[in-house]
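Below: the structure, in structure tokens.
The values are calculated or read from the model by the stated rules, or taken from the named source; none is laboratory data. What you see is a predicted model; the values in this text were computed from it and never measured. Positions of Cβ are generated from backbone atoms using ideal geometry, with glycine treated the same way; all protein chains shown enter the neighbour counts. Heads up: the accessible areas ignore ligands, DNA and RNA and are worked out on the full protein's heavy atoms, side chains in. Shrake-Rupley method; radii C 1.70, N 1.55, O 1.52, S 1.80 Å.
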Amino acid sequence: MNLEKILTQYTVKAVTSLYGVEPPENLLQVQETRKEFEGNFTIVVFPLLKISKQSPEATAEAIGEYLQANYPEVSRYNVIKGFLNLMIADAFWLGFMVETRFDDQYGYSVQSDKFSKMIEYSSPNTNKPLHLGHIRNNLLGYSLSKILAANGNRIVKVNLVNDRGIHICKSMLAWQKWGNGVTPESSGKKGDHLVGDYYVKFDIEYKKEIEQLMQQGMDKDEAARKAPLMQEAQEMLRRWEAKDPETVALWKMMNGWVYDGFGVTYKVLGVDFDRIYYESQTYLLGKEIVMDGLKRGIFYQKEDGSVWVDLTADGLDEKLLLRSDGTSVYMTQDIGTACQRFEEYDIDELIYVVGNEQNYHFQVLSLILDKLGYSWAKSLKHMSYGMVELPEGKMKSREGTVVDADDLMSEMTNIAYEMSQELGKLDGLSAEEIDKTIHTIGMGALKYFILKVDPKKTMLFDPKESIDFNGNTGPFIQYTHARIQSVLRKATESGIDIHAVVDTNITLNDKEVSLIQTIYNFPKTINDAAGTYSPALIANYVYELAKEYNQFYHDYSILKEENPAVRHFRILLSKHVAQVIRTSLDLLGIDSPDRM
RNA sequence: GGUCCCGUAGCUCAGCUGGAUAGAGCAACAGAUUUCUAAUCUGUCGGUCACAGGUUCGAAUCCUGUCGGGAUCACCA
């Protein structure tokens, strides 16, 4: 059981015994003591005053004395105003350090009854390469899946690739017109970037056409609709839907280039999927379900034949489900794919990692499925995250104001190389080791930079100021890990057995207690992160741990400590800190180097 | 206009199920290395927690309003 809960129970007993009234648990507030005060846990006694009928100080004093006298875990206490600060006995901390199994599963929950959760993330369009916004999505989705798995869930990671539609037709058309048969091989360009270039090319030419038409007196909307290029793109989409062999062949070829490109990006980013869905295979789903809902009177039809759902009673609007020509819209597909997934997989929850611009969409989706009577409708979850903005505002693909994912990642690696070189950290390493190290550090910096921010919030990325490697950063934490590994190597070299049994008959200093307490909090942190879908909690936690360790490292010797019992304990502590750092970073998808 | 989200130090962010004197990093300045990795550590400077009310013993945190920023309400996805 968790120490906070134990202290809560003890306090209940103390109050009952002292004042003859058993306090309801919600009156008890046990929290970690703030750094500037002495103690490990603090009981806030203000809510208990109505029971004690005494001053805050007297109440705190009485409870403190009772706890210290009756429970060996509580070694000392002090009272400041209405706050009772408790010191936990070294014996408890040492017992925790010696008895706990600090393997790579430390902190994980073991659920006897595993929940299965499907996480959909990434979900790119195939008409252009991935950018920084996709990086946030992928890192969040991947990290969340790891955190939920650590919290005792079975996880299925899926990606729904948007491989069809007008956008890819634009790239195809532009390539046909201006590509001269260029391929990734002939140009030496990554496939997704090559296809993206033609998407941009389409837009440029399209804009020219619109302008021309407007000069001929057409208004903007009409020009946008009637521009020959747009007409052609739409014609191409119709041919694709009619399965015209030539169009399908071109589509397959260009999507193939994109998948090769994405594969490389995903690999460098370090994310993966258990199952990839393609919208070309799912876009017709959902239609029958909607028609069935229409029959059952859940939806209604307008005169032109389009099908709608009325959500005004739920405080929302009316939503289109089928166009007047009978074709599906985005919502129709999502209804269909959700049903398909719950049929195909034995899952308890379906989590969509999608930007907060679609909050409304997912609210509506869940509501519609609920109206249709699916019992699992309420277990659809939207992990909504904020946009990544540049100093000048939102990124816009068509205007070229995007931070390209591949460029950014290689730039991070380059910076990692320069810094490592400058610091002389690469001396004596093979070329292969250098590559691996700088990749680990560069990606560590990028991933931590993204993941330390609360997912819900819009975050800012300034390309002019490169991502830091000092302070509250990924490399700082990685460095702490590498530093500990170095100490452990030195220990082994000098013949110290780092696995030796630790004598618990020693006194701990403040920094040591504080470190142990932080390690002790790890399981709770994972649990919180899983409950709130927030990798940021893990990131903030591991930063705190690394910072505390560095302070400890600075203030105390480990291998040069003369008392062998203390020395062994500090080695043990260091080892466990390294383990918790490694596990934490792993939950963020970040590697922990042994040297850097 | 309706709905939702956000506003904390010069900058980037923590803290938000109410608790102590609001915290980090960056930037600026000053220091620490004969000692286990200085990508580290220590210190100084920096705040009307957007504003105004309210609830409370206690509000950055909860409620109401105002201002400012963003998203969304498509026969786009």
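Determine the pairs where a residue that is hydroxyl-bearing (S, T, Y), located within the stretch A:159-176, has a partner that is within 15 Å of RNA strand B (Cβ to nearest atom) with Cβ atoms under 6 Å apart, the partner being 6 or more residues away or on another chain.
From the stretch A:159-176, the pairs are A:S171/A:N127; A:S171/A:Y199.
Taking the condition of being farther than 21 Å from A:V501 by Cβ and of a type in the set (D, E, K, R), how many residues in the stretch A:73-126 meet it?
Number of matching residues: 8.
Counting just the residues of the stretch A:13-39 that are within 39 Å of the chain's Cα centre (by Cα) and more than 10 Å from RNA strand B (Cβ to nearest atom), which one comes out nearest to A:M87 (Cα to Cα)?
That would be A:V30.
For the stretch A:457-484, which residues satisfy the criterion of being among the charged types (D, E, K, R) and within 6 Å of RNA strand B (Cβ to nearest atom)?
Keep residues of the stretch A:457-484 that are among the charged types (D, E, K, R), which gives A:457, A:462, A:464-465, A:468, A:483.
If the condition is that a residue be among the charged types (D, E, K, R) and within 6 Å of RNA strand B (Cβ to nearest atom), then A:K457, A:D468, A:R483 are the ones that fit.
Is it the case that some residue within the stretch A:571-580 is among the basic types (K, R), more than 11 Å from RNA strand B (Cβ to nearest atom) and touching a helix residue (DSSP H, G or I) at 6+ places or on another chain (Cβ under 8 Å)?
yes
Being within 27 Å of A:K252 (Cβ to Cβ) and among the aromatic types (F, W, Y) narrows it down to one of A:Y283, A:Y300, so name that one. Steps first, please.
Values: A:Y300 fails: within 27 Å of A:K252 (Cβ to Cβ).
Of A:Y283, A:Y300, the one residue that is within 27 Å of A:K252 (Cβ to Cβ) and among the aromatic types (F, W, Y) is A:Y283.
A:K425 - would you say it is open to solvent by 70 Å² or more (accessible area, probe 1.4 Å), among the basic types (K, R) and either modelled with pLDDT under 95 or farther than 20 Å from A:L585 by Cβ (or both)?
Yes; evaluated as a whole, the condition is true for this residue.
Among the residues of the stretch A:208-235, write down those that are closer than 21 Å to A:N127 by Cα and modelled with pLDDT under 90.
A:A224, A:R225
Loosely packed, with under 14 Cβ neighbours inside 10 Å and basic (K, R): does that describe A:K436?
no
Take the stretch A:516-554 and flag every residue that is open to solvent by less than 20 Å² (accessible area, probe 1.4 Å), among the aliphatic types (A, V, I, L, M) and within 13 Å of RNA strand B (Cβ to nearest atom).
Within the stretch A:516-554, A:A529, A:A536, A:I538, A:A539, A:V542, A:L545, A:A546 meet the criteria.
Can you name the residue in the stretch A:47-61 that is under 16 Å from A:L86 (Cα atoms) and touching a residue at least 12 places away in the same chain (Cβ under 8 Å) and, of all such residues, is nearest to RNA strand B (Cβ to nearest atom)?
Within the stretch A:47-61, the match that is nearest to RNA strand B (Cβ to nearest atom) is A:P56.
Looking at the structure I just gave you, is A:H554 over 31 Å from the mean Cα position of the chain (by Cα) and free of Cβ contacts under 8 Å to residues at least 12 places away in the same chain?
yes
Just one of the numbered conditions (1) open to solvent by 60 Å² or more (accessible area, probe 1.4 Å); (2) assigned to a helix (DSSP H, G or I) is not true of A:Q54; which one?
Result: A:Q54 fails condition (2) only.
Inside the stretch A:490-513, can you point out the residues that are without any contact (Cβ under 8 Å) to a residue 60 or more places away in the chain, part of a helix (DSSP H, G or I) and either of a type in the set (G, A, S) or loosely packed, with under 14 Cβ neighbours inside 10 Å (or both)?
A:T492, A:E493, A:D510
List pairs: first residue in the stretch A:17-33 and on the phi > 0 side of the Ramachandran plot and of a type outside the set (A, V, I, L, M, F, W, C), second residue in a loop (DSSP other than H, G, I, E, B) and surrounded by 12 or more Cβ atoms within 10 Å (Cβ to Cβ) anywhere in the structure, Cβ distance under 6 angstrom, at least six positions apart or on different chains.
Sorted first by the residue in the stretch A:17-33, then by its partner, the list stays empty.
For the stretch A:429-449, indicate whether the set of residues that are assigned to a helix (DSSP H, G or I) and within 6 Å of RNA strand B (Cβ to nearest atom) is non-empty.
Yes, the conditions are met somewhere in the stretch A:429-449.
For every residue, the table says whether it meets (1) open to solvent by 30 Å² or more (accessible area, probe 1.4 Å); (2) more than 16 Å from RNA strand B (Cβ to nearest atom); (3) assigned to a helix (DSSP H, G or I); (4) aliphatic (A, V, I, L, M).
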{"residue": "A:E222", "(1), (2), (3), (4)": "yes, no, yes, no"}
{"residue": "A:Q231", "(1), (2), (3), (4)": "yes, no, yes, no"}
{"residue": "A:M236", "(1), (2), (3), (4)": "no, no, yes, yes"}
{"residue": "A:W240", "(1), (2), (3), (4)": "no, no, yes, no"}
{"residue": "A:G256", "(1), (2), (3), (4)": "no, yes, yes, no"}
{"residue": "A:Q281", "(1), (2), (3), (4)": "yes, no, yes, no"}
{"residue": "A:I298", "(1), (2), (3), (4)": "yes, yes, no, yes"}
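Can we say A:I351 is in contact (Cβ under 8 Å) with a residue 40 or more places away in the chain and part of a loop (DSSP other than H, G, I, E, B)?
So A:I351 does not fit the description; no.
Limited to the stretch A:300-333, what total is found for residues that are more than 6 Å from RNA strand B (Cβ to nearest atom), surrounded by 15 or more Cβ atoms within 10 Å (Cβ to Cβ) and closer than 17 Å to A:S366 by Cα?
The total comes to 8.
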